[in-house]
Each structure stands twice: as structure tokens, then as C-alpha cells.
Amino acid sequence: MKDIFLWVVLPLILAEAVLVGPWIAERLLRWGTRWLPEEYRERYTADWLGELDAVPGSLFKLGFAIRVLLSVPATERALTGRDALWVLITKRLLDLAATGLVMAVMAFTRLGGQLRSNPERAEAFEQRIKQQFTRPPKPSWTTDDPEKALIPVNVELANESEEALPVTVELGNKSDEPGPAWKLLEESGAEYLRLDFGRIG
Amino acid sequence: MHDPRMTLQTLAILKVLLSKPLEPRYGLDIAREAGLKGGTLYPALARLERAGWLTSFQEDIDEAAEGRRKRRYYQLTGVGATKARQILEAETRRLSLPSFVPGPNPSGAGP
């Protein structure tokens, strides 16, 4: 698999990049100038495309276009003397994300310290995490454990004159006595029972 | 007009342009000589041009005959050349380096 990637896929990707590199570079530059103030767009499109022609090699053209594209906010600030609204919003969002990340790291560091100093709490925390992130065991139709044989089933109890009554009962029994499902069925006076097993497990 | 913010990139651009003040240079040419990447060049050129230190023009060529698109050429203005020389000299003194400010080069020719 690794050999296929190294000798087939990678050369194909590189060949494609060489072929379409200049085209992508031009598209990137044209797209980049759309973020500049309107009065400068035409000029910078012409300027950067003119410069692109002076860059040798497809991949270098692509690299040039990416670098220029990344400099668009700085170019705009240089042209207008201030940051554009979209740059300010992006900066603020990045600031918020960075702040959130720092706070999360601090909270986890503090929590980690507390858990390290209290093994019982650490164990309880571990159990809680495990409960939240582990899937419940799949129910089995054959088991010796009567507790596990109780499977929740959606049931509609109904007769011809009344509306269907949707209930959820547990299929199975813990003992030889009639289970709650049977009692419910008897008390409801239902004439038929529709079982919807849905997806088990 | 405020003086542009001076960064190392801006100083490098000024040094390149000051080496042949009468010879207009296009962006990549300046970048190559100044050792800059494209990403830092254009904001610095825009700042200098906005401050009136640089003037620029698009070359007049037949694109089909040349096989390439027109380039924009940059050149120091009189004010820009004077200020650039002062700043580079001040920076040289500040850093206590041997002077790297090139002298006036009247032989610099246009494109």
C-alpha cells in the first residue's frame, strides 16, 4: 500500500500539480485581490499576474500565489491604513478561540492536579468518563442472566374502538411470575398487540 | 503624509532601490535582491508608495510579443530617496555597523 502511494499516487499528484499549478496560482491571486478595496483590485490583479509570469516553475508559481494570498490582509492595511472589517472579525474570533483554548488547558491542568492528589476522585472521574464514552453492551437473546434478558420494546396497545396507546415495556422476566408487560396487557383490555422491535443493540 | 512604518523588510527594500535610484525595479526583482518572500514585499511597497516615497508605473509592452503580462515598476521619489538615505544611515549608526548605504548612482538607467 505504501509502495503504491509512493510510486503511483504521489507522482500522479505531483504531475497534476505541475500541470494545473499555474492555473491554480492565477485563480488564487484573482481571488485574493477580491479582498482588497475595490479601487485597488484591478491594479493589483494586473500587478500580481505580471509578477506571476516572472516566477519560474509551476510549483514555485503556486508557492508565490499562496504567499501573496497570505499577505492580502497586510497589503490592505498598508493601502488603507487600517484593518478591514473582515480582518478585525477574524482576529477577534481567533482571539476568542485562543482564549478558550488557554482556559480549557488551564482547567484541565487544574483538574489533573486535583485528580492526581485524590486517587478516589480520580477513579470516580474515570468511571464517569467511561460511562459517557463507552457504548452499553448489546442485548443478547440468549443469556443466563435474567437481568440482561430484559429488553425494552416499544409496544402499542389498542383495540378497534380506542386509539393506540404507545408504551415501552421490558421483554423478558426475572422470575416465573407474570411480568409487568403481561399485567399491562391484561389490564388494558387490548385486543391485539403490535410489537416494534426496532433496532436491537 | 506620515512616514511609513520601518521594518527590516522595508529597510531591505529601500536599500535595494537606493542602490540604483534612477532604475525602476519590479516587485520580484526587488524581492530577490532584498532576500524577501513575496508575502512581505507587497505590503511594504504599498506602505512606501502611500507615504509618497515610491512611485510606480506599469510598463508599456506588447504582451503577446513578449509572451508575458505587464509588470509594475517601482522607483524612489526625490523625497523617498532623501528619507531612505537618512533612515538607512541612522540605522547603520544605531547598529554600529559599517555603512551599507550606497552612494548616488547617476548611471542608473531606466528600463
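The values are calculated or read from the model by the stated rules, or taken from the named source; none is laboratory data. Only a predicted model underlies this, so the values are computations on that prediction, with no experimental measurement involved. Cβ atoms come from the backbone with ideal geometry, glycine included; neighbour counts cover every protein chain shown.
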Query raised in the report: Has the stretch B:76-84 got at least one residue that is in contact (Cβ under 8 Å) with a residue 40 or more places away in the chain, within 9 Å of chain A (Cβ to nearest Cβ) and not in a helix (DSSP H, G or I)?
Result: no
Query raised in the report: When the stretch A:75-116 is examined, which residues are found to be in contact with a Pro (Cβ under 8 Å, 6 or more places away or on another chain) and not polar (S, T, N, Q)?
Result: A:76, A:77, A:78, A:79, A:83, A:84, A:87
Query - The lone exception for residue A:97 - which of (1) exposed (fewer than 14 other Cβ atoms within 10 Å of the Cβ); (2) in contact (Cβ under 8 Å) with a residue 12 or more places away in the chain it fails - result: (2)
Requested in this report: Just give me the residues in the stretch A:1-49 being within 22 Å of residue B:58 (Cβ to Cβ) and of a type in the set (Val, Ile, Thr), in sequence order.
Outcome: A:33, A:45
Query raised in the report: So which residues in the stretch B:52-71 are touching a Lys or Arg at 6+ places or on another chain (Cβ under 8 Å) and in a strand (DSSP E or B)?
Result: B:56, B:57, B:58
**Report entry** Checking residue B:42 against (1) free of Cβ contacts under 8 Å to residues at least 12 places away in the same chain; (2) under 18 Å from residue B:84 (Cα atoms), the condition it does not meet
**Finding:** (1)
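Starting from residues that are of a type outside the set (A, V, I, L, M, F, W, C) and within 12 Å of another protein chain (Cβ to nearest Cβ), keep the ones in the stretch B:52-68 and report whichever is surrounded by the fewest Cβ atoms within 10 Å (Cβ to Cβ). I'd like the intermediate steps shown before the answer.
Going residue by residue through the stretch B:52-68, those that are of a type outside the set (A, V, I, L, M, F, W, C) are B:52, B:55-56, B:58-60, B:62-63, B:66-68.
Now drop any that are not within 12 Å of another protein chain (Cβ to nearest Cβ), which leaves B:56, B:58-59, B:63, B:66-68.
Details: B:56: 17, B:58: 15, B:59: 14, B:63: 11, B:66: 12, B:67: 8, B:68: 14.
Applying the filter and picking the extreme gives B:67.
Having 2 or more residues that are within 21 Å of residue B:27 (Cβ to Cβ) and among the hydroxyl-bearing types (Ser, Thr, Tyr) is the bar; report the helices (runs of 4 or more DSSP H) wholly within the stretch A:1-113 that clear it.
Numbers: elements: A:10-33, A:38-54, A:58-70, A:72-80.
Ranges flagged: A:38-54, A:72-80.
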Query raised in the report: Does the stretch A:58-69 contain any residue that is over 11 Å from residue B:42 (Cβ atoms), surrounded by fewer than 16 Cβ atoms within 10 Å (Cβ to Cβ) and touching a Gly at 6+ places or on another chain (Cβ under 9 Å)?
Result: yes
Report summary line: Selection from the stretch A:66-89 of residues modelled with pLDDT of 85 or more and away from chain B (no Cβ under 12 Å) yields A:89
Query - Which numbered condition residue A:73 fails, given (1) within 28 Å of residue A:88 (Cα to Cα); (2) surrounded by fewer than 16 Cβ atoms within 10 Å (Cβ to Cβ) - result: (2)
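Residue check: is residue A:63 within 11 Å of chain B (Cβ to nearest Cβ) and at positive phi? If you could, list the steps in order and put the result at the bottom.
Values: within 11 Å of chain B (Cβ to nearest Cβ): yes; at positive phi: no.
So residue A:63 fails the test.
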